[in-house]
Amino acid sequence: MVKTYLKALRLPFLAGSIIPFVTASAFVFQRGSFSPLAFFMALIGLEALHLGSNLLNDYYDASGSDPINIRLTPFSGGSRVIQEREIQPNTMLGLSILFFAIGVACGMWFAFWGRPYVLLIGLCGLLAGWTYSSPPLKLMCRGLGEPLIFLAFGPLITLGTYYVMTGSLSWSAFLLGVPNGLLIMAIIWINEFPDYQADLEANKRNLVIRLGLRRARYLYCMIMVLPFLAIILLIYLIGLPILVIISLGAFPLASKAIHILWRRYLFFQDLIPAQALTIQTLVSVGLLMSGALFMSRIVGQ
């Protein structure tokens with residue numbers, strides 16, 4: 001039973017929120033304002049919101065594209081616990097609400113701790129998770145899900161992390177999330193390729209459906225290259241230490257993913273290595289950025 005619930009939570013995908021959170025925390029540390037208590041409380045609240053969003057997405061996809069999706073990969077197609085009758089849909093919904101409530105409770109704690117704007121930032125995150133999957137908006141079906149993911153799992157997380165630790169809002173912290181946000185958007189994007197036929201039949205009109213697979217390749221390539229250009233720009237725009245340039249070392253992973261998708265985009269099983277490489281690019285960029293920010297503080301640059 002425990003294994004089933006862990007499967008439903010899709011814990012490996014928490015990297016999508018943990019990576020920008022760690023990057024922002026390293027940014028705060030580099031600027032001399034790190035707070036361990038705020039770090040742990042923010043981590044609990046953020047991951048609770050992310051888990052709630054995962055469960056809610058599975059709940060609504062259970063009556064949409066998931067039941068007719070036969071092109072499954074380890075990275076797309078949902079957790080399948082509802083389709084395999086391991087957990088009832090209402091249980092998934094109840095768990096989603098529980099995790100959202102934990103996230104709200106953490107936000108309230110920060111508000112009483114002297115961080116009132118965290119309620120607004122947290123509400124934006126909660127609404128992003130809710131409106132992505134839930135009617136009547138169901139933004140994942142309207143071609144707005146991908147940009148919403150970019151904002152919610154990139155700039156919003158880095159801004160919120162910076163705020164709860166320092167007590168101030170910062171455009172620099174907001175912009176810091178752009179590379180991570182783009183890479184998380186790329187993960188969603190490539191995962192929509194294997195799901196294409198099921199999404200089309202379920203009228204889940206995301207951007208890949210609207211563009212078609214052939215044209216959607218071009219956008220994937222752009223989304224995978226832009227984070228590296230953004231890192232270079234951020235060094236000049238917000239004064240990141242030059243050591244952050246080591247993040248460009250993750251580009252070979254992105255290049256290999258692009259190469260696979262470009263040639264094999266019609267064969268969903270062949271895309272599995274590219275899906276893995278896209279996730280590895282996100283993790284590598286985030287850890288390299290975080291390590292560079294941490295080390296720049298240690299060595300006094």
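Values in this text are rule-based calculations from the coordinates and carry no lab data. If you're wondering where the values come from, they're calculated on a predicted model, not measured in any experiment. Neighbour counts are summed over all protein chains in view; Cβ atoms, including those assigned to glycine, are modelled from backbone coordinates with ideal geometry.
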Item checked: Computed over region 135-252: relative contact order in percent, which uses C-alpha pairs under 8 Å that are six or more apart -> 27
Note to self: Quick check on packing: order 102-110, 114-122, 176-184 by the mean number of other C-beta atoms within 10 Å, highest mean leading.
What the structure shows: 176-184, 102-110, 114-122
Next item on the list: Please find, in a Gaussian network model of the chain (springs between Cα atoms separated by less than 10 Å), the residue of GLY212, GLY52, GLY286 whose mean-square fluctuation is greatest.
Entry: GLY212
Next item on the list: Jot down the per residue volume, in cubic angstrom and as a whole number, of the convex hull over the alpha-carbon atoms of the chain.
Entry: 120
Next item on the list: For the chain, with a Gaussian network of springs between Cα atoms less than 10 Å apart, report the residue from TYR196, TYR162, TYR236 with the top mean-square fluctuation.
Entry: TYR236
Notebook entry, point to check: Over all distinct Cα pairs, what is the inverse of the mean 1/r for region 1-53, reported as the Kirkwood hydrodynamic radius in Å?
Noted result: 12.2
Next item on the list: Using a Gaussian network model of the chain whose springs link C-alpha atoms within less than 10 Å, name the residue from PRO227, PRO67, PRO194 with the highest mean-square fluctuation.
Entry: PRO67
Notebook entry, point to check: What residues have an amide H closer than 5 Å to that of LYS204, excluding those fewer than 5 places away on the same chain, when H is modeled at 1.01 Å from N in the peptide plane?
Noted result: none
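Below 8 Å between Cα atoms, with a sequence gap of 6+, how large is the relative contact order for the chain in percent?
Details: 449 pairs, mean separation 70.8, N = 301.
Once normalised by length, the contact order is 24 percent.
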Note to self: Given the -39500 (n - 2.57) contribution per DSSP H run of 4+ residues, what per-residue ellipticity at 222 nm results for the chain, rounded to the nearest 500 deg cm²/dmol?
What the structure shows: -22500 deg cm²/dmol
Check: Over what distance in Å are the Cα centres of region 50-97 and region 166-216 separated?
Finding: 19
Item checked: Residue-count net charge about PRO273 - beta-carbon cut-off 11 Å; Lys, Arg +1, Asp, Glu -1 -> +1
Margin query: Output wanted: per-residue J couplings in Hz (rounded whole) for region 107-116, from phi through Karplus 6.51 cos²θ - 1.76 cosθ + 1.60, θ = phi - 60°, x for Gly and Pro.
Written below: x, 5, 4, 5, 4, 6, 7, x, 10, x
Next item on the list: Could you work out the Rg to Rh ratio of region 179-301, with Rh taken as the Kirkwood radius (inverse of the mean 1/r over all Cα pairs)?
Entry: 1.07
Checklist line | 5 angstrom amide H check on SER76, placed H, neighbours 5+ away | finding: none
